[in-house]
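The structure appears below as structure tokens.
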Amino acid sequence: AVLDGAPYDTVLTSFSMCTVRDPQATVANIVRLLRPGGKYVFIEHVLQPDVGDPHVVDDSGRVDVRFWARVQNLINPLWRAIGHGCNINRRTGDIIAGARGWESVDYRSVRPVIDLQSRIMPLSFGVARKAAKAAE
């Protein structure tokens, strides 16, 4: 059972935000569960970041971003059906960064070029820190 209030120092998610029905509401709940100054640590697979996205660690141009984003969007309905609700076309890092209540959000994205699966599922990972006190 989840306790009332904000008792948690840290919340960690790994490859799970893709399956929640409402990622914005889920992140808002994570913020609510963290104590002031608490950390949210995450790693998630995401939609191919746009060309020039400042969060991308290595944007060497070895991946045709637009092509692979189209592939992700095209296969997402099938992927979701066979992948236990997993959506491979969310911008989860941006969703987390855009939530209210953070003092800071530091995240990066990588575009591995190892194999087909890595091109379909680039990664975002980072840490968000809840504001030490509520904004006035």
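The values are calculated or read from the model by the stated rules, or taken from the named source; none is laboratory data. For clarity, every value in this text was computed on a predicted model and none was experimentally measured. In this analysis, Cβ positions are derived from the backbone assuming ideal geometry, glycine residues included, and neighbour counts consider all displayed protein chains. Just so you know, the surface numbers come from the protein's heavy atoms only, side chains and all, with ligands and any DNA or RNA stripped out. Shrake-Rupley method; radii C 1.70, N 1.55, O 1.52, S 1.80 Å.
Please work out which residue is farthest from Asp58 (Cα to Cα), limiting yourself to segment 124-136 and to residues that are of a type in the set (A, V, I, L, M) and modelled with pLDDT of 90 or more. So the residue we want is Ala132.
Listed by first and then second residue, the pairs with beta-carbon distance under 6 Å, at least 6 apart or on different chains, first residue in segment 113-130 and of a type in the set (Gly, Ala, Ser), second surrounded by fewer than 20 Cβ atoms within 10 Å (Cβ to Cβ) and part of a loop (DSSP other than H, G, I, E, B), are Ser118/Pro112. Applying the criterion of being of a type in the set (A, V, I, L, M) and within 19 Å of Trp68 (Cα to Cα) to the residues of segment 91-113, the residue that is modelled with the highest pLDDT is Val110. Do the conditions hold for Glu44, that is, is it part of a strand (DSSP E or B) and under 19 Å from Arg21 (Cβ atoms)? Yes. Looking across segment 6-38, the residues that are surrounded by fewer than 17 Cβ atoms within 10 Å (Cβ to Cβ) and within 20 Å of Ser109 (Cα to Cα) come down to Leu12, Ser14, Phe15, Ser16, Thr19, Gln24.
Number of residues in segment 54-104 that are touching a Leu at 6+ places or on another chain (Cβ under 7 Å), part of a helix (DSSP H, G or I) and either closer than 30 Å to Ala131 by Cβ or free of Cβ contacts under 8 Å to residues at least 24 places away in the same chain (or both) equals 1. Out of Asp58, Asp53, Asp64, one residue alone is farther than 23 Å from Thr13 by Cβ, surrounded by 13 or more Cβ atoms within 10 Å (Cβ to Cβ) and touching a strand residue (DSSP E or B) at 6+ places or on another chain (Cβ under 8 Å). It is Asp58. Only one of the listed residues (Arg90, Arg80) is open to solvent by less than 60 Å² (accessible area, probe 1.4 Å), basic (Lys, Arg) and within 30 Å of Val113 (Cα to Cα). That residue is Arg90.
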